[in-house]
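We did not get these values from a lab; they are worked out from the coordinates using the rules stated. Everything numeric in this text was worked out from a predicted model, so none of it was measured. Ideal geometry is used to build each Cβ from the backbone, glycine not excepted, and the neighbour counts take in all protein chains shown.
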Number of protein chains: 2
Amino acid sequence: MNEITACTPSKRDLIVEAAKKLFLEGGYGTTSMDALAAEAGVSKRTVYSHFDNKESLFGAVMVGLCSETGCTHPSILVSDTPPEQALREFASNMVGLVQAPEERDIFRVVLAESIQFPELGEAFWSYGPEPAKQLLTAYLSEQVKRGVLRIDDAATAAMQFIGMIKWPHCMPELFGVGTPASDEARQRALDQAISIFLEGTRAK
Amino acid sequence: MNEITACTPSKRDLIVEAAKKLFLEGGYGTTSMDALAAEAGVSKRTVYSHFDNKESLFGAVMVGLCSETGCTHPSILVSDTPPEQALREFASNMVGLVQAPEERDIFRVVLAESIQFPELGEAFWSYGPEPAKQLLTAYLSEQVKRGVLRIDDAATAAMQFIGMIKWPHCMPELFGVGTPASDEARQRALDQAISIFLEGTRAK
DNA sequence: GTCTATAAATGGATAGAC
DNA sequence: GTCTATCCATTTATAGAC
């Protein structure tokens, strides 16, 4: 009940923090409850007094992570914002996945375990990609209605734009190939994506 | 040495087939050598007579899968092909990931284990995405040189186009959300992606 | 609630016979 | 090469004292 948990973290918080760290590093299978208790600095019995079993602990922690690090787009995509600026602001919030190692790990672990934990995939999607898609879709639809853009399927176009800005750097990083791109390179790629998408959808 | 293995599969083939199935279903951690031997119909000792340990078996099988199901683009992107046709043919070969369940599983498992098995991520990338990217990059560069397209960074543009055609259907399927899109929906999305990309890169 | 100690089961890997 | 049987470490989960 006490919201100030940073000073005197409860055992439960210690467990959750340790679970976050280890599950994100090693996934579900390779993370043992022994290691988890040791990392948290508590006994295993204490872990089991707070969580029924390994599955429920994993589910709770990962769903929590999804909701914490999910889409945090403010209402930046007001309809009056010109498309180039709107897309740039949207994309700037989107590239987070690549830069923050934690988000990359969440992506990887959720994807890996979404077969055995279907609720994980759904939680991740509903907190992250889905609201972002909805936001951009609404903005694009409005611009189409206003005659600024010309798009057949705004929802698909939103996903296509997101794919443009995510794929080039996100995928290599996830697979651990190549060297991370510089900030300037990312910026140039983003500029090009916005340029292509805008030129390709601008009403004649 | 006998290439006709379908009639009388060797024990080794049985092991490899079982490993493919179980590793793709459950990943590395949750797949036990007991279950694998049972699935193959051989004893565990036979498994260990063909492969040193679980790691080497996993690596061998997964790298083999990557090379088998990797990019199979023929040399369709000859420079004289008009862009719309070239992109359509390229994209048609690309969407395989979404449709074939096995490729989706490979993607998922490789991504999940690429931390503990770095060579996996590299193998997957070098057999699949990299050659596809190279092929499209070369084609785009040639069209830029010919004055047909106008693109600053052809390599990044290639990845951006791939992102456009992959992301909208690939990601939801990987996370197990929503219902698989119909063939018509995929076709419409592909048409829209090609249209946006071409309009956005066509030389004035 | 928390700890130490342990139960019960399963994991990877091996021994020795054939 | 192949099998049955087994070793040993580790894992999840629990018992009982404090």
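Computed over neighbours whose Cβ is under 12 Å from that of residue B:168, the net charge equals +3, Lys and Arg +1, Asp and Glu -1. The fewest-to-most ranking of B:33, B:171 by surrounding Cβ atoms within 10 Å reads B:33, B:171. Taking one quarter of the surface of the convex hull spanned by the alpha-carbon atoms of region B:11-51 gives a direction-averaged projected area of 2.4 nm². Listed by Cβ neighbour count within 10 Å, with the fewest neighbours leading, A:109, B:144, A:61 appear as B:144, A:61, A:109. The alpha-carbon positions of the protein assembly as shown define a convex hull whose volume is 174 Å³ per residue.
Expressed per residue, the C-alpha convex hull volume of region B:80-151 stands at 97 Å³. Inter-copy label distances for residue B:178: 2.5 nm (label point placed 7 Å from Cα along Cα→Cβ; shortest first).
Put simply, the convex hull of the Cα atoms in region B:71-201 casts, on average, a shadow of 8.2 nm².
Computed about the Cα centre, the dipole magnitude for the protein assembly as shown is approximately 380 debye when only Lys and Arg (+1) and Asp and Glu (-1) carry charge, each at its Cβ.
Exposure proxy shown here: for B:115, A:194, the number of other Cβ atoms within 10 Å sets the order, fewest to most, as B:115, A:194.
Taking amide H positions as modeled 1.01 Å from N, with prolines and chain starts lacking one, the residues under 5 Å from residue A:202 and 5 or more places away or on another chain are A:150. Ranked from shortest, the separations from the 7 Å Cα-to-Cβ label point of residue B:85 to its equivalents in the other copies are 4.5 nm.
In the structure displayed, which of A:54/B:21; A:44/B:20; A:133/B:21; A:145/B:133; A:54/B:54; A:133/B:54 lie more than 30 Å apart, Cα to Cα? Checking Cα-Cα distances, A:44/B:20; A:133/B:21; A:145/B:133; A:133/B:54 exceed 30 Å. Ordering B:100, B:144, B:118 by the projection of their Cα atoms onto the charge dipole of region B:71-201, which places +1 on the Cβ of Lys and Arg and -1 on the Cβ of Asp and Glu, puts B:144 at the extreme positive end.
Rounded to the nearest whole Hz, the Karplus-based 3J(HN,Hα) values (6.51 cos²θ - 1.76 cosθ + 1.60, θ = phi - 60°) of region A:105-122 follow the sequence 5, 4, 3, 5, 5, 4, 4, 5, 9, 6, 6, 7, 10, x, 5, 5, x, 5, with x at glycine and proline. In nanometres and ascending order, the distances from the residue A:17 label point to those of the other copies are 5.2 (point 7 Å from Cα along Cα→Cβ).
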